[in-house]
Amino acid sequence: MSGLARADVVLVGAGIMSATLGALLRRLEPDWSITLIERLDAVAAESSSPWNNAGTGHSALCEMNYTPENSDGSIDITKAVRINEQFQVTRQFWAYAVESGILTDVRNFLNPVPHVSFVRGAQRVDYLRRRQRALAGNPLFAGTELVDDPDEFARRLPLMAAKRDLAEPIALNWAHDGTDVDFGALSKQLIGFCVRNGTTALFGHEVRSLSRQSDGSWTLTVGNRRTGEKRKLNAKFVFVGAGGDALPLLQKSGISEVKGFAGFPIGGRFLRADNPALTAAHRAKVYGFPASGAPPLGALHLDLRFVNGKSWLVFGPYAGWSPKFLKHGHITDLPRSVKPNNLLSMLGVGVTQMGLLNYLISQLRLSEPDRVHMLREFVPGAVHSDWELTVAGQRVQVIRRDKRKGGVLEFSTTVVGSTDGSIAGLLGGSPGASTAVPIMLDVLQRCFADRYQSWLPLLKEMVPSLGAELSREPALYDEVWSWGTKVLRLEAS
């Protein structure tokens with residue numbers, strides 16, 4: 001075993017969360033020693049890979065589960081506004097990172113793509129009309145259009161209009177200012193910046209154990225997955241941005257704050273096509289109405305994606321299931337995560353989530369013709385041979401202890417850390433990557449409370465609206481939006 005090395009900060013996992021936190025800290029404290037540990041051999045090979053997430057740039061422009069209908073018929077936009085506010089913070093940091101040379105190739109990770117909500121049937125058309133009216137009064141969504149004319153539908157979405165019975169009521173909410181984000185390419189640029197500026201990166205290594213020392217620091221035992229060699233690394237601060245592996249690692253740390261938390265893995269599969277005739281006829285991300293019983297991340301969508309400079313169409317998700325917490329994980333991940341302190345949480349969710357269980361079972365029973373039939377609700381003229389099935393990444397949804405129900409399943413992201421701020425990790429999967437910057441700013445504020453105030457001037461250079469609600473300050477929103485649009489070259493074409 002190698003001798004004890006030391007670092008100010010250890011980042012576990014080479015996805016978008018660690019990449020973002022690493023870039024922030026490298027800018028805030030250029031003299032700090034930072035070590036990145038990744039069990040696979042590349043950056044963003046798990047959840048941040050473009051084929052393992054939707055890449056929507058979740059700004060709540062098109063996901064209808066963020067705008068539920070109240071019992072009185074009004075539309076609740078609270079969650080949509082909150083998520084959009086978070087994405088605005090992320091977008092500003094990207095613009096700052098481009099201006100300051102942290103990010104060097106915008107088109108490698110970010111492309112303008114309209115975000116669209118799509119419904120069929122008179123009742124849902126009426127919902128979409130009310131949704132557009134509710135959103136239009138908020139500066140963040142003021143540009144959202146209602147499209148309910150069949151000819152205009154066909155002009156904007158020719159692939160979806162071909163062979164469709166346009167006599168049926170259909171409608172769109174169309175947000176022109178959406179984006180497609182390749183979070184894998186973005187992570188590579190951010191981690192590249194970190195490594196060029198002194199960060200040590202250990203690929204093909206995994207954390208086997210963590211133990212807190214008397215001075216509040218952490219000693220990690222790190223194993224080389226190829227050679228079996230072990231080394232010890234002492235860190236003043238540890239961030240666990242390891243996707244589905246975050247829960248087991250936080251459990252290994254022994255911190256009391258993670259007790260009661262459990263995880264439920266949900267996989268995903270997509271159909272994808274790279275036929276240029278298809279990609280040329282569909283230049284948008286189009287989300288459908290959430291299916292009954294489906295989890296919030298289960299709404300079907302037909303997306304234009306840009307991966308390695310190539311256009312693809314991606315349709316799904318079709319839910320999958322595995323006990324693995326990572327795509328490249330172990331079938332023992334789920335059973336090994338069950339502890340005496342979270343068993344009640346898991347049992348409580350098992351009792352209350354029968355709808356989700358039935359949905360997953362129905363999804364696992366889908367045949368190839370069933371999947372193509374679902375695709376044809378979006379693309380009536382879809383030809384099976386144009387599309388191939390691909391397996392996406394695993395998402396481990398948070399199960400939290402609840403006094404009444406025993407446990408509740410949450411489709412969100414949660415930062416869990418020790419009270420002294422020496423270790424923190426991120427649990428959950430959605431909206432996830434798109435809100436990486438505000439999540440990491442929260443980590444900085446919670447874990448470096450003694451330094452955060454001194455960092456604020458630089459943080460406000462990175463995120464000019466920091467501390468403000470842009471939905472309540474339209475002039476400031478216009479200013480930072482215009483700046484970001486220009487720097488990121490997202491001007492309307």
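How far, in nm, would the chain grow between SER100 and THR221 when pulled straight, counting 0.36 nm per residue and subtracting the alpha carbon separation?
Difference between extended and current length: 40.0 nm.
Please enumerate, by chain and number, the lysines with C-alpha under 26 Å from the C-alpha of LYS327, excluding those fewer than 8 residues away in the same chain.
By straight Cα distance, LYS327 reaches LYS188, LYS230, LYS252, LYS259, LYS285, LYS310, LYS339.
List the longest stretch of the chain that has no exposed loop site; here a site is one of the trypsin sites (Lys or Arg not before Pro) assigned by DSSP to anything other than H, G, I, E or B, with at most 16 other Cβ within 10 Å.
1-162
Please give the Cα centre distance for region 419-466 versus region 176-248, rounded to the nearest Å.
When both Cα centres are located, 17 Å separates them.
P(r) for the chain: what percent of alpha-carbon pairs falls in each 20 Å bin, starting at zero?
It works out to 23, 57, 19, 1, in whole percents.
Can you tell me, using C-alpha contacts under 8 Å and at least 6 residues apart, the relative contact order of region 1-109 as a whole percent?
Working: 86 pairs, mean separation 20.9, N = 109.
Normalised by residue count, the contact order of region 1-109 is 19 percent.
Please work out the ratio of the alpha-carbon Rg of region 212-313 to 2.2 N^0.38 Å and round it to two decimals.
Output field value: 1.69.
Note down the net charge around GLY73, summing +1 for each Lys or Arg and -1 for each Asp or Glu among other residues with Cβ under 13 Å from its Cβ.
After counting each charged neighbour, the total is 0.
With the dipole of the chain worked out from charges on the C-beta (+1 for Lys and Arg, -1 for Asp and Glu) around the Cα centre, which of PHE306, ALA44, ASN173 lies farthest toward the positive end?
The one lying farthest along the dipole's positive direction is ALA44.
Going by how many other Cβ atoms sit within 10 Å of their own, how do ILE16, ILE75, ILE331 line up, fewest first?
ILE331, ILE75, ILE16
What length, rounded to one decimal in nm, is gained on full extension from GLU469 through to GLN445, with 0.36 nm per residue of separation minus their alpha-carbon distance?
6.9 nm
Determine the sum of side-chain charges near ARG472: Lys and Arg each +1, Asp and Glu each -1, restricted to other residues whose C-beta is under 15 angstrom from that of ARG472.
Computed value for this residue: -4.
Among all helices in the chain defined by DSSP H, which have a length of 27 Å or more along the axis from Cα atoms plus a Kyte-Doolittle mean of at least -1.0?
Long hydrophobic helices here: 78-99.
Could you work out the helix-only [θ] at 222 nm for the chain, with each DSSP H run of four or more residues adding -39,500 (n - 2.57) and the total divided by the number of residues, to the nearest 500 deg cm²/dmol?
-10000 deg cm²/dmol
Please name which of ALA161, GLN213, LEU360 has its Cα lying farthest along the dipole of region 4-474 towards the positive end, using unit charges on Cβ (Lys, Arg +1; Asp, Glu -1) and the Cα centre as origin.
GLN213
Suppose every Lys and Arg Cβ carries +1 and every Asp and Glu Cβ carries -1, with no other charges. What dipole size does the chain come out with about its Cα centre, to the nearest 20 debye?
It works out to roughly 1460 debye.
Computed from the coordinates by the stated procedures, all read-outs in this text should not be read as laboratory data. Just so we're clear, the structure is a prediction, and the values are computed from it rather than from any experiment. Cβ coordinates were reconstructed from backbone atoms using ideal geometry, including for glycine residues, and neighbour counts include every protein chain displayed.
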